[in-house]
Structures are given as C-alpha cells and as structure tokens.
Amino acid sequence: MTDKAPLSLMDYLGQVPDPRVARTQRHDLLDILAIALCAVIGGADHWTEVVEFGQARQSWFATFLKLPNGIASHDTFARVFRRLNPEALERACHQWLCSLIGRVKGVVAIDGKSVRGARDGKKHPLHIVSAWASEHRMLLGQLRTADKSNEITAIPELLELLSIQGCIVTIDAMGCQKAIAKSIIASKADYVLSLKGNHPHLCLGVQTWFEKGLAEGFGSHTCKHYPEPEQSGHGRLERREHWLTTVPRHLRRATQSWPGLQSLAMVRRHRQVDGQTSVQDCFYISSLPLSAGAEVIAHAVRSHWAIENELHWSLDVGFREDDCQVRKDNAPANLACIRRIALTQIKQETSKKLGIQGKRRRAGWDTDYLQTVLGVHVPSGSVGGLI
C-alpha cells in the first residue's frame, strides 16, 4: 500500500466555492485562480496585465488547465475577484502553506500592513494582519481587518488558525493586550510583546525598574545580560544590549492579570550615524522564564523585523502593493492573498541570485523558471506545483 500523495495548491484552490451562478461560468474558477497566481508571479500587477500574460502563455496553460473558452477577459477576472469569498481563499492558501511547512518552530512575528492604494472614496484602506515564520521565511496566515484598530480583535482570530506550539510569538505595541497574551498561551506558545504608551502605568513602572536597576543594581533579582557584537553598514554603527529579569515584587500587582507573564526585558540600541550618537531603550513583557536567557530575547526581537523586511517591504517594492488600484468589494483582499502566495514561492526559490523584481521578470520571460518557482516544494514530474 503506497502513501497518499500530498495535496497540491491546485487541490486546495479547488475547495474555494465559485461565487457565480452555473449559467455564467464560462471559465473555470480554478483556471482563473491559477492564471492570476502565475501572472502575478510573472510580473502582472493588474487585471489587464493578467489577461495579457494568460494570452501570451495560453499554450502552456492548456497543458494543465481546462480553458473551455480560452483566457477570460479582464472584466471577468475583476468580477470574479470582487465576488470571491476572501475567507475561503485565505483558508485554502493557509492550509496549503501549513502543508508545506509542517511543524512550525522558532519565532512567529505578527504585524499588520495597510494596502494604501486599496481605498475607495473615504473608506479606510485595506488592512491585513499577517503571521510570518521567521526561521522558515514563510507566511503562515493572514486576516483582513476594517482598519488598524481592529488588529486587536483580528490577532486572536489569526492565532486560532495557526499551529504554533512551542514557538515564540512577537507582536508590536498594538498587539500588547491581555486577550492576545491569553490566546498565545492557549496555543501553547510563548510571547514577547513590545510595551509602550498604550499601557502607560506598566510601561513607566518597567522603565523605572530597569533604570534604577542598571544604576544601583537589581538587588536580589537575578538579571541576565547579553551584549550583541557591534554591527556596521551603510555608514552606521549599531550596538545592542539586552537584559532579562523576573518581575519585581512592586510590579506583581500590575502584571498579575497578564496570562503567563514571567519576565521583563529591555533592549538598548546604541547608534552612530554621521558622527551623531543616539541611544534608544525599548521594553518588553514575556512569558519566557528567566532561565531562557537574554540571548533568546535578543533573537526574538531581531527576528520580529523579518516580517517588515521580508514580507511588507518586499510587497511594497517587489510587487508595488501600495500602488495597486484594485479597490472594489472583495477584490483587494483576494488579490492581496494571491500576492502573498506569489511572494512565498518566489522567496523559496533560491537557484537564481536575483531580487524579487528580477525573479518576477525572469518568471514572466521563462515558463521553465516559472515552473521552478511554483514547484519548489513539489516532487519532480508535476507541472509547476499546481497539479
């Protein structure tokens, strides 16, 4: 008896319900989704370019898609993506990503990003909360919100979708909330949450504690210290120091309602740019025990920036996401989901030493390379990782 073959991306996309009535389905939904994904990887940024890409590669698409009526028009792509259920598409893509990664380990960074071009009239731009597996360099999942303030409610919903047992979850000050800490602990993970002015009394107490401790000593409280080696680049020198300590007696009342909270952390950044020196202190609360060590806090804080550099920055620069003018109904959220899947595949392809834009251009020129991008995680013999 042979092992059952793993499901492909096409299998998961096939689970997305078609929003159209049967009599209007001249083009298969799976064909539309597959062409859109391939076109976005190959450099397309709007529906007209998606159609141009599909027509230019129609003979290649015909080798693994049905194409009962050829390539759909840009109006058809626009209508389908406007009506497609974003939650269903996100769920399918999330299930596929989980099948690629398997058991997640290391730091999971959670942060939100606004798609500034996806604004219709006076409405808020589309805002998406994403979870990024820093060690795997892969997107784990995403949820759209109505505006940035709804990150607080969206993050627990996103955590419910993820399997992050044993991971360390990092979130900026917006997500430093008791309900979010509770959700992380319920997921059998640990957290490192940035502490800022949205919790003024606790933040001031932690800041005062570290300032006094560094000046006079921490008394009976053990404090672990980890200085990172000095780093330089682009005319800048930077040195970071990290401290981790248990919660002092006078702060236990302020922290007792935080689920799982065991330690407080401080990061001091020394920067020298063009001869000017600056010092910045940042504070964190964590469920990690003191025995984890300040090195673990240092790694978690550094890893959190991966979601900015490898996901958000790549989407803005490599995919021009903020310039996208797709605005109506569900289309912005659905196209954003396709972009993130495309970015995940492009980042996993390492045979070409090119940037995101360079890989997109190469995939647009060369279907063999496009198949390589799509098939990174798929055994040889299947077409582009789709079937």
Under the helix-only model (-39500 (n - 2.57) for each DSSP H run of 4 or more, divided by the residues of the chain), the mean residue ellipticity at 222 nm, to 500 deg cm²/dmol, is -11500 deg cm²/dmol
What does region 290-353 give for Rg and for Dmax, in Å, if only its C-alpha atoms count? 16.2, 51
In square nanometres and to one decimal, what's the mean projected area of the convex hull around the Cα atoms of region 12-68? 4.3
In square nanometres and to one decimal, what's the mean projected area of the convex hull around the Cα atoms of region 238-387? 15.3
When the Karplus curve 6.51 cos²θ - 1.76 cosθ + 1.60 is applied with θ = phi - 60°, which whole-Hz ³J(HN,Hα) does each residue of region 215-226 get, with x for Gly and Pro? 7, 10, x, 8, x, 7, 7, 6, 10, 9, 10, 9
Percent relative contact order for region 267-387, counting Cα pairs under 8 Å at least six residues apart, stands at 13
Return the carbon/sulfur percentage of the accessible area of region 75-220, one whole number, probe 1.4 Å, all protein chains in place. 49
Paramagnetic reach from R249 in region 201-233 [backbone N under 12 Å; point 7 Å along Cα→Cβ]: 220-221
Given Cα pairs under 8 Å that are at least 6 residues apart, what percent is the relative contact order of the chain? 20
If you add up the charges near V279, with Lys and Arg at +1 and Asp and Glu at -1, over every other residue whose beta carbon is less than 13 angstrom from its beta carbon, what do you get? +1
Loop only by DSSP, 11 or fewer other Cβ within 10 Å of the Cβ. Give me the chymotrypsin sites (Phe, Trp or Tyr not before Pro) in region 195-279 that pass, ordered by residue number. none
Using a 1.4 Å probe, what is the accessible area per residue for the chain, in Å²? 48
Here are some values of Cα extents along the principal axes in Å: (i) 73, 54, 51; (ii) 68, 47, 37; (iii) 77, 58, 43. Which one was computed from this structure? (iii)
Between the modelled labels at H74 and K196 (7 Å from Cα along Cα→Cβ) the distance in nm is 3.9
Run the Debye formula on the Cα coordinates of region 136-274, all scatterers equal and no solvent, and tell me log10 I(q)/I(0) at q = 0.10, 0.12, 0.16, 0.18 1/Å. -0.44, -0.62, -1.01, -1.16
Along each principal axis, Cα extent of region 45-203, largest first, Å: 62, 41, 21
Amide H neighbours of E135 under 5 Å, at least 5 residues apart or on other chains, H built in the peptide plane: list them. V107
Contact order normalised by length for region 234-323, with contacts defined as Cα pairs under 8 Å and 6 or more residues apart; what percent is it? 28
Excluding N85 itself, what net charge comes from residues whose Cβ is under 13 Å from its Cβ, given Lys and Arg +1 and Asp and Glu -1? +1
Net charge, G106 excluded, C-beta distance under 11 Å - Lys, Arg +1, Asp, Glu -1: +2
Flagged as over-length at 29 Å C-alpha distance, from K328/K352; K105/K347; K105/K182; K188/K353; K196/K224; K182/K224, the pairs are K328/K352; K188/K353
Report, to one decimal in Å, the Kirkwood hydrodynamic radius for region 178-245 based on all distinct Cα pairs. 14.9
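The values are calculated or read from the model by the stated rules, or taken from the named source; none is laboratory data. Note that the coordinates shown come from a computational prediction; the quantities given were computed from them, not determined experimentally. FYI the Cβ positions are ideal-geometry reconstructions off the backbone, even for glycines, and counts take in every protein chain you see. Note: accessible area is taken over every heavy atom of the protein model, side chains too, but ligands, DNA and RNA are not part of it. Shrake-Rupley method; radii C 1.70, N 1.55, O 1.52, S 1.80 Å.
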